[in-house]
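Take a look at the structure set out below.
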Amino acid sequence: MFKNLLKSESQKLLFNKWILITTIAVVIFVPLMVYSLGALGEEAGIDLYISKLLQSFYLGQTGVVVISALYFGEEFSNSTLRTSLMSVPNRILFFISKFLCLMFWCIITLLISTVISFIVLQYVFYADLDMNNIVVLMKSLFPAYISSIELGIITAGMIIVSKSMVVSLAIMLSMILGLGHLLMQYSSIMTFLPVLSTMNSFLLFHTNEYLSLWSGILCQGVWCIVLAIISNGLLRIRSVR
């Protein structure tokens, strides 16, 4: 049953034209940013390539958030959730399958973006991407991947809790595009918010202004777990019309 449910959710995701458009936009946008963004400081060589990639994937988080919002948001439009739960009475399995499909699709999107970005670095900037350099670049990007996927999960949880795609999308995109840094001006406790907690994942040279690399990822992971528990609980008890 769970296998069929995963297949059904995968088809639901793949046949959503807006998700496909957003995915295509992300895999074009990230390499385009790699091409157009410069160094933050005086980076050169492999450091320059890492810096360009990290900056690009930070902006690429917006695409992951939009994909998550579109995928979970459609359940709360046109009585789609009611139809889904009639087909799948077990709400826990329904919940798990949707999150697994979202995570898989985000990973595929990030990997395709990475491959195209590497091609841009090699053929436009003539980067020497031998196996050792590729390993270095992938190690640098790994925390950024985790942070992006966590943001997708947080967005999905917020949508289930609020039943609003627009509100959740507005909050998360605002945080990525500058609201979080504005809030930091009022209190340092804001560094524990999603997006801000993992800022060192997207910086070549880590700074004490934000949480340390793995502490930030862990903090954002706690947000994921808390929202997942709350949203799962609400989905199990909430009446659907």
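Figures for the structure shown
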read-out: Cross-chain or 6+ apart pairs with Cβ under 6 Å, segment 167-184 first and over 20 Å from Ser56 (Cα atoms) and among the polar types (S, T, N, Q), then open to solvent by 30 Å² or more (accessible area, probe 1.4 Å) and in a helix (DSSP H, G or I); value: Ser168/Met158; Ser168/Ser162
read-out: Top-ranked residue of segment 36-53 - restricted to ones that are of a type outside the set (Lys, Arg) and not in a loop (DSSP other than H, G, I, E, B), ranked as nearest to Asn132 (Cα to Cα); value: Ile46
read-out: Failed item in (1) more than 18 Å from Thr23 (Cβ to Cβ); (2) in a helix (DSSP H, G or I), with Leu129 passing the rest; value: (2)
read-out: Lone qualifier among Gly152, Gly157 - being closer than 17 Å to Phe57 by Cβ, in a helix (DSSP H, G or I), touching a residue at least 40 places away in the same chain (Cβ under 8 Å) and not polar (S, T, N, Q); value: Gly152
read-out: Hits in segment 205-234 - residues which are closer than 24 Å to Leu40 by Cβ and either in a loop (DSSP other than H, G, I, E, B) or hydroxyl-bearing (Ser, Thr, Tyr) (or both); value: Phe205, His206, Thr207, Asn208, Glu209, Tyr210, Leu211, Ser212, Ser215
read-out: Residue match in segment 213-221 (condition: farther than 27 Å from Tyr49 by Cα and either surrounded by 13 or more Cβ atoms within 10 Å (Cβ to Cβ) or free of Cβ contacts under 8 Å to residues at least 12 places away in the same chain (or both)); value: yes
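The values are calculated or read from the model by the stated rules, or taken from the named source; none is laboratory data. Just so you know, these numbers come straight off a predicted model, no measurement behind them. Quick reminder, even Gly has a Cβ in these numbers, built from the backbone with ideal geometry, and neighbours come from all protein chains shown. We work out accessible area using only protein heavy atoms, side chains counted, and drop any ligands, DNA or RNA first. Shrake-Rupley method; radii C 1.70, N 1.55, O 1.52, S 1.80 Å.
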